[in-house]
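The values are calculated or read from the model by the stated rules, or taken from the named source; none is laboratory data. In this text, all values refer to a predicted model and were calculated from it rather than measured experimentally. Note that each Cβ is placed from the backbone with ideal geometry, even for glycine, and that neighbours are counted across all protein chains shown. Please note that ligands, DNA and RNA were not included when accessible areas were found on the heavy atoms of the full protein model with its side chains. Shrake-Rupley method; radii C 1.70, N 1.55, O 1.52, S 1.80 Å.
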Amino acid sequence: MYNILVVDDDKEIVNAIEIYLSKEGYNILKAYNGEEAIHVIQNNEIHLVILDIMMPKMNGIELAKKIRENLSIPILMLSAKSEDYDKINGLNVGADDYVTKPFNPMELIARVNSQIRRYTKLGSAIQSEGNTYQTGELLIDDNTKQVMVDGKEIKLTPTEYNILKFLLKNKGKVYSIEQIYENVWEEESYGAENIIAVHIRHIREKIEINPKEPKYLKVIWGVGYKIENIS
């Protein structure tokens, strides 16, 4: 059973999420501020965090930063529809995705299932043969889940890893934002521009010597993104 930590100072929202996700077979742990959440994370194995942005003591942005110091578990941010800046800020500090409040329960369940599914694949010890993808000095070994650039290991979040793997498996091909989202999230794309753009920028910052003049991850203006095919 997967443990999901729900962090929100609104107890009614936390209880509602617990009802929805418990029916899907998830075990729900609860915290009502950032400090409580840290204590829960330190004392339990957590597979996904659902995190509100506006909270007392330690807000969601600060908590996401703290989680990312040591853990790569998926983070799903909750934010009001008017908080576009906060959504992008959450992605910038390491969140994998966000859901706007008031949320549709079916959307929440779909996004949680998607994050858990990709995180499970990333951590699985059972791998098929030959899952190594490379262009130039950029290499992904999908058996060990390692990303290497010029012989050095690069640490990516689960979402960053899956985006990069998808593009590297299909190096030389250009994919639109919608195509990347639908292939990685395995669901239909709705307003994915900010999500993909922020994750792409983070990947570039980690794999490129000069992110402003990328060698590997290229943007094709007006079309999408691709990994350059370098022999």
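Phi angles of the stretch 47-64 translate, via the Karplus equation with coefficients 6.51, -1.76, 1.60 and θ = phi - 60°, into HN-Hα couplings of 9, 6, 10, 9, 9, 6, 7, 8, 8, x, 6, 8, 6, x, 5, 5, 5, 4 Hz per residue; Gly and Pro are given as x.
Quick check on the chain: helices-only [θ] at 222 nm, where DSSP H runs of length 4 and up contribute -39,500 (n - 2.57) each and the sum goes over total residues. Nearest 500, please.
Details: 8 runs with 95 residues, N = 231.
Mean residue ellipticity at 222 nm (helix-derived): -12500 deg cm²/dmol.
Heavy-atom accessible surface of the stretch 2-121, averaged per residue, reaches 45 Å², computed with a 1.4 Å probe.
A DSSP coil position with no more than 13 other Cβ atoms inside 10 Å describes the following chymotrypsin sites (Phe, Trp or Tyr not before Pro) in the stretch 159-225: Y190, W221. Among the lysines of the stretch 1-116, pairs that are 8 or more positions apart or on different chains and have alpha carbons within less than 20 Å of each other number 16.
Per-residue Karplus couplings for the stretch 65-76, computed as 6.51 cos²θ - 1.76 cosθ + 1.60 with θ equal to phi - 60°, are listed in order as 4, 5, 4, 5, 5, 10, 10, 10, 4, x, 10, 10 Hz, Gly and Pro entered as x. Note on the chain: GNM, Cα springs under 10 Å; of A37, A64, A197, the largest mean-square fluctuation is that of A197.
Distances between placed amide hydrogens fall under 5 Å for M58 paired with G34, E35, all partners being 5 or more residues away or on another chain. What does the charge add up to near P214, with Lys and Arg as +1, Asp and Glu as -1, over the other residues with Cβ less than 9 Å from its Cβ? Overall, the nearby charge balance is +1.
Which whole number in µm²/s is D for the chain by Stokes-Einstein, with the Kirkwood Rh taken over Cα pairs at 20 °C and 1.002 mPa s?
Values: Rh = 18.3 Å.
Approximately 117 µm²/s, per Stokes-Einstein.
For the stretch 1-71, the fraction of 1.4 Å probe accessible surface lying on carbon and sulfur atoms is 45 percent. Amide H contacts of Q146: D141, each under 5 Å away and 5 or more positions distant or on a separate chain (H built 1.01 Å from N in the peptide plane; Pro and chain starts excluded). Take every DSSP beta bridge whose two residues both sit in the chain; close to 45 percent of them are antiparallel.
Rounded to the nearest Hz, the phi-derived 3J(HN,Hα) couplings of the stretch 169-175 under the Karplus curve 6.51 cos²θ - 1.76 cosθ + 1.60 (θ = phi - 60°) are 4, 10, 4, x, 9, 9, 10, where x marks glycine and proline. Within the stretch 186-231, the trypsin sites (Lys or Arg not before Pro) that combine a DSSP coil assignment with at most 12 other C-beta atoms in a 10 angstrom radius are K212.
Rounded to the nearest 20 Debye, what is the dipole magnitude of the stretch 86-231 about its Cα centre when Lys and Arg each give +1 and Asp and Glu each give -1 at the C-beta?
Working: 20 positive and 21 negative charges, 36 e Å.
Result for the stretch 86-231 is approximately 180 debye, rounded to the nearest 20.
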